[in-house]
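Encoded as structure tokens, the structure appears first; notes follow it.
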Amino acid sequence: MGCIDEFEYEILLPSSSIKQCADYIKKNFKEIYYVKQGHRIFDTYLIGYNPIPVAVEGDYVIMPYVKPCYGSFVLKIKGKAEVEMLRATR
């Protein structure tokens, strides 16, 4: 399993609950894909309540991320391959 710290990312919503992260994504982004818990993206597995909203904005993925001992965050990470993968799921 990969480590999200290996990527350049921006924290859009710090230290929040899983529900707050999901609500933030649904409220602030138009292009949203729903994936199941355990979905692999950026070589890491998503944790949350099914279905998990993951947004796309340009070449960026906006996703909830749970970091053990630190809580939940909404991250914005550049990833053209991941964007294409999400769009292919439609």
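Where a number appears in this text, it was derived from the coordinates with a stated rule and is not lab data. The model shown is predicted, which means the values in this text are computed figures rather than measured ones. No Cβ is skipped: glycine too gets one built from the backbone with ideal geometry, and neighbour counts run over all protein chains shown.
Data overview
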quantity	calculated
Label-point separation, residue 89 to residue 47 (7 Å along Cα→Cβ), nm	1.9 nm
Linear extension gain, residue 8 paired with residue 70, 0.36 nm per residue minus alpha-carbon span	20.5 nm
Gain upon complete extension [residue 27, residue 57; 0.36 nm per residue less C-alpha separation]	9.4 nm
Spatially proximal lysines relative to residue 80 (Cα-Cα < 16 Å; intrachain offsets below 8 disregarded)	none
Shape box of the chain [Cα atoms, principal axes, largest first, Å]	33, 28, 22
Whole-Hz couplings from phi, Karplus 6.51/-1.76/1.60, listed for the range 64-81; x for Gly and Pro	x, 9, 9, 10, x, 6, 10, x, 9, 9, 9, 10, 10, 10, 6, x, 4, 5
Computed helical MRE - 222 nm, the chain, DSSP H runs ≥ 4 contributing -39500 (n - 2.57), nearest 500	-6500 deg cm²/dmol
In Hz, Karplus ³J(HN,Hα) per residue of the range 44-59 (6.51, -1.76, 1.60; θ = phi - 60°; x = Gly, Pro)	9, 10, 7, 10, x, 9, 5, x, 9, x, 10, 9, 10, 9, x, 9
Charge sum, other residues only, whose C-beta stays under 14 Å from residue 73's C-beta, Lys/Arg counted +1 and Asp/Glu -1	0
